[in-house]
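The values are calculated or read from the model by the stated rules, or taken from the named source; none is laboratory data. Note that the structure is a prediction, hence the values are computed from the model and not measured. Neighbour counts run over all protein chains shown; Cβ positions are idealised from the backbone, glycine included. Just so you know, the surface numbers come from the protein's heavy atoms only, side chains and all, with ligands and any DNA or RNA stripped out. Shrake-Rupley method; radii C 1.70, N 1.55, O 1.52, S 1.80 Å.
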Amino acid sequence: MAKETSPENSEEEEEFDARPCVLRYSTLVARLWGLTCIIIVWACMVKVFQKETPYIYVQWYLLVLALLVAFFEMTWLINKLPCCRREGCCCTVWKGVMWIERWKKTILYTTLSIPCFLRGSAVPLGILAGIAILIAAVFHFLDSFKYSKCCEKKRPLTSIPQTEPKAEQTDPKAALVSNEVPTYADASIQTHEMFVSLPQLVSNMEQGYQRSDDNVYSEARPAQGHQY
């Protein structure tokens, strides 16, 4: 969002997210894959229970694993409930649960997926569940870099000054009032006008002097006639 600037020094400041696309949508991708992982692990657990297998512990381990994955992948949705924002003993425990986020979930999921690969091809559904959990761990690991300092969220602002066109001043007096020096063209125009009007000014002055002399002479004539 652009910052507000004064009209005297108006600038357009551009800012945008400079992170890679993987980091910008890492939280959304991690949550969507988390829901998919819940479906895959629960489906594998049900199929393993339906089949007879000599490795009974695998069935129960997949059941515990499905419950844990479903719980930790739904914590962001449970955290939006109003009861989770109050103070109390349960809220303190819930804060500890919410502490297990991003790279901490990566460590937890990687540890939980290891037993799924112990029996190898004897339990192929266990391998499928383990792979789904490892993919979820990778997405949570990428989500850890979303707000890190190594990936800047915004690039430096680029300011583009906007200058308004000023009206040309041809009057040198107005330029002096506004503390601006008139240009050479304006001064030459004023000088030309002054020289053009100089003869007219001289003729007006001569006519004025002649009129004043005539008035004095007309006033003096009656007085001279009276003396004679």
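Using the 1.4 Å probe convention, the accessible area of the range 41-120 works out to 66 Å² per residue with neighbouring protein chains retained.
Measuring only protein heavy atoms, the 1.4 Å probe finds Phe117 accessible over about 80 Å². Charge dipole of the range 42-131 (Cα centre as origin; +1 on each Lys and Arg Cβ, -1 on each Asp and Glu Cβ, all else neutral): 220 debye, rounded to the nearest 20. What is the percent carbon and sulfur in the accessible area of the range 61-127, measuring with a 1.4 Å probe over the protein chains and ignoring ligands? Within the range 61-127, the accessible surface is 71 percent carbon and sulfur.
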